[in-house]
Amino acid sequence: MSAAPSNDDSHHGARFTGHEYDGIREYDNPMPRWWTAMFWASFFFCLGYAFWYSLTGNGLGMLEEYEADVQEARAKAAGLALAEPVTEDSLAKLALDASMMAGAAQVYAQRCAACHADQGQGLIGPNLTDAHWLHGDGSFAAIYGVVSEGVPAKGMPAWNKQLTPDELRQVSAFIGSLRGKNLPGKAAEGALISPGAPPAAAPSASAPPPAASPPPAAPAGSEGSP
Ligand code: HEC
């Protein structure tokens, strides 16, 4: 029977809690102060952050952040494209910038909707959402051409004097972005261009990768089958 160890029985300066079981004594080893300080700091930061992120609606999910980045890059590309010559590619870049297209939609509503209807489905002027075109092949460049020069003999005004050069490009890109919507409206007029597939609205570099096609079925009796 040994004497019960006292709590200040120090061993290398350590303290004991006084808990003992079968002669095994528990050291009193508190976490260092800097560690506890960090723990509480993170804990309270967490509470604040969770509040800011979830409850105030300020937090962006991964997908939203990605989309914001993409939108920013597209807006930048569209801004630069306005300084480039008018080409299929430069007009396609404008069509990808959502905020620029929102502005163009307003120009459309003020200048074009009276004849082409609010969604482009056609009224006096043809349906701009179908795959049929009276003038050109429905490319951005062809649309820009007809919007710019008009078809005065048929009642389509020329817009190159009435709109600023930027508006002219933007509203043409906007018309291009209506392609493939196939809204019910005025019956199709003109030639059918690329039936089925809507013309690509995006330059291939920024277009999303095509959906993966299922792998070709392995021929019967090939590897692995008994
Ligand atoms: C006063 C009526 C009127 C207004 C306003 C008008 N258009 Fe048109 N638009 C027409 C008519 C009519 C045609 C068909 C011309 C033809 O038959 O050759 C047409 C044709 C077009 C085409 C060619 C469609 C095709 O099938 O080739 C485009 C693109 C177009 N308009 C865009 C616009 C845009 C963009 C605006 C506004 C900036 C606009 N239009 C404003 C009447 C109008």
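Before moving on, here are some points about what is shown:
- Scanning the range 114-144 for residues that are near the ligand (Cβ under 9 Å from one of its atoms) and either closer than 20 Å to Asp166 by Cβ or in contact with a Phe, Trp or Tyr (Cβ under 7 Å, 6 or more places away or on another chain) (or both) yields Ala142, Ile143, Tyr144.
- Boolean, Ala153 is at pLDDT 95 or above and more than 10 Å from the ligand (Cβ to nearest atom): no
- Residue among Gly125, Gly120, Gly145, Gly103 that alone is on the phi > 0 side of the Ramachandran plot and modelled with pLDDT of 95 or more: Gly120
- Within the range 82-110, residues that are in contact (Cβ under 8 Å) with a residue 24 or more places away in the chain and more than 25 Å from Asp69 (Cβ to Cβ) sit with their Cβ atoms under 7 Å from residues that are surrounded by 23 or more Cβ atoms within 10 Å (Cβ to Cβ) and of a type in the set (D, E, K, R), at 6+ positions apart or across chains, in these pairs: Val86/Arg169.
- Some residue of the range 59-74 being closer than 22 Å to Gly180 by Cβ, part of a helix (DSSP H, G or I), in contact with a helix residue (DSSP H, G or I) (Cβ under 7 Å, 6 or more places away or on another chain) and more than 13 Å from the ligand (Cβ to nearest atom): yes
- Cross-chain or 6+ apart pairs with Cβ under 9 Å, the range 139-159 first and in contact (Cβ under 8 Å) with a residue 12 or more places away in the chain, then more than 8 Å from the ligand (Cβ to nearest atom) and polar (S, T, N, Q): Phe140/Thr87; Phe140/Ser90; Ala141/Thr87; Val147/Asn160; Ser148/Asn160; Trp159/Ser148
- Tyr108 meets each of the listed conditions (1) within 27 Å of the chain's Cα centre (by Cα); (2) surrounded by fewer than 18 Cβ atoms within 10 Å (Cβ to Cβ) apart from (2).
- In the range 9-34, of all residues being exposed (fewer than 10 other Cβ atoms within 10 Å of the Cβ) and modelled with pLDDT of 90 or more, the one that is nearest to Gly59 (Cα to Cα) corresponds to Trp34.
The values are calculated or read from the model by the stated rules, or taken from the named source; none is laboratory data. Computed from a prediction, not measured in an experiment: that's the story for all the values here. We place every Cβ from the backbone using ideal geometry, glycine too, and count neighbours over all the protein chains shown.
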